[in-house]
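These notes are about the structure you will find just below.
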Amino acid sequence: MTKRAKPTTVATASARRARKPDPPAPPAAVPAASSPKATGKLDAPPAAPLGPIRKAAAKPERPGVATGPGPRWLRLALVGLALVYYGALVHHLPDSRWTRPAVFFTEATALFPSANAVVLEFRLEAWACGKGWQPIDPRPYFPIQPDDKESRFQRLGYFYFNHKSLTRRDREAAEALDRYIAARHADLDDGVAGPIGGIRVVKVVRPFPAPGEPVERYHFDPFAQAPSDERREKYATPEAETRRRCASS
């Protein structure tokens with residue numbers, strides 16, 4: 001059975017015309033950022049007005065101390081090395097094969113450990129084959145500053161022929177000097193004619209003049225005779241080597 005629609009009455013139509021859709025709800029108000037409800041924090045009190053700005057008093061500068069280059073550990077290491085070097089200048093290292101480089105650079109104070117009370121001069125003599133010992137002029141062999149105390153021969157004598165007894169190093173230097181003179185004698189005019197068999201190094205020790213007496217200017221004369229009490233024979237070519245050289249000349 002078909003359901004019939006209900007008849008529309010005048011009252012129903014009027015009710016439909018009177019029913020209107022509800023207006024949209026107004027948007028919720030967004031609280032301001034500074035609102036306590038929005039931030040959950042109370043507003044800070046207004047800042048007090050700033051007074052006149054005062055400059056802070058400058059701290060007094062401490063005087064600077066100059067430092068060396070490199071890090072601190074390097075500077076401390078250099079200080080330690082300097083102390084070791086100073087100690088080596090005062091107390092010399094033993095002369096051995098391994099310490100010789102260090103001894104060479106630390107024996108500077110050994111040049112003048114004390115003032116000498118005498119004048120030192122070194123002379124050279126040669127054994128002329130068949131004639132005996134004769135004074136020989138060392139200046140042709142050592143031409144650098146030959147006439148004063150800075151002659152290479154005088155410096156050689158001071159460093160290697162000035163000890164009470166020859167050390168191993170002194171003897172090595174003496175033998176090298178012996179070979180050097182013997183090899184070059186024939187080519188130089190040293191005051192000794194003919195072949196030679198060897199050499200002799202003599203240290204001449206003369207006292208200083210008394211205070212107030214005139215001091216004669218130094219003059220080197222390799223052929224001047226020295227008194228026997230002033231002579232100190234420091235080295236001489238072994239007799240067997242002297243005979244061999246003279247026999248082969």
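Observations on the structure shown:
- Whole-Hz Karplus values for region 171-179 come out as 5, 4, 5, 5, 5, 5, 5, 4, 5 Hz, taken residue by residue from phi with 6.51 cos²θ - 1.76 cosθ + 1.60 and θ = phi - 60°; glycine and proline positions read x.
- Phe122 long-range amide H proximity, modeled H, under 5 Å: Val204
- Converting phi to 3J(HN,Hα) with the Karplus coefficients 6.51, -1.76 and 1.60 and the offset θ = phi - 60°, region 83-88 yields 5, 5, 5, 5, x, 5 Hz in sequence order, with x at every glycine or proline.
- Label-to-label distance, Glu150 versus His163, with points set 7 angstrom from Cα along the beta-carbon direction: 2.8 nm.
- Using only the C-alpha atoms, the convex hull of region 118-248 corresponds to 117 Å³ per residue.
- Distance in nm between pseudo-label sites at Ala226 and Ser96 (7 Å out along the Cβ direction from Cα): 3.5 nm
Here, each number is a calculation from the coordinates, and none is a lab measurement. Please read these numbers as outputs of a predicted model, since none were measured by experiment. Glycine gets a Cβ as well: all are built from the backbone with ideal geometry, and neighbour counts include every protein chain shown.
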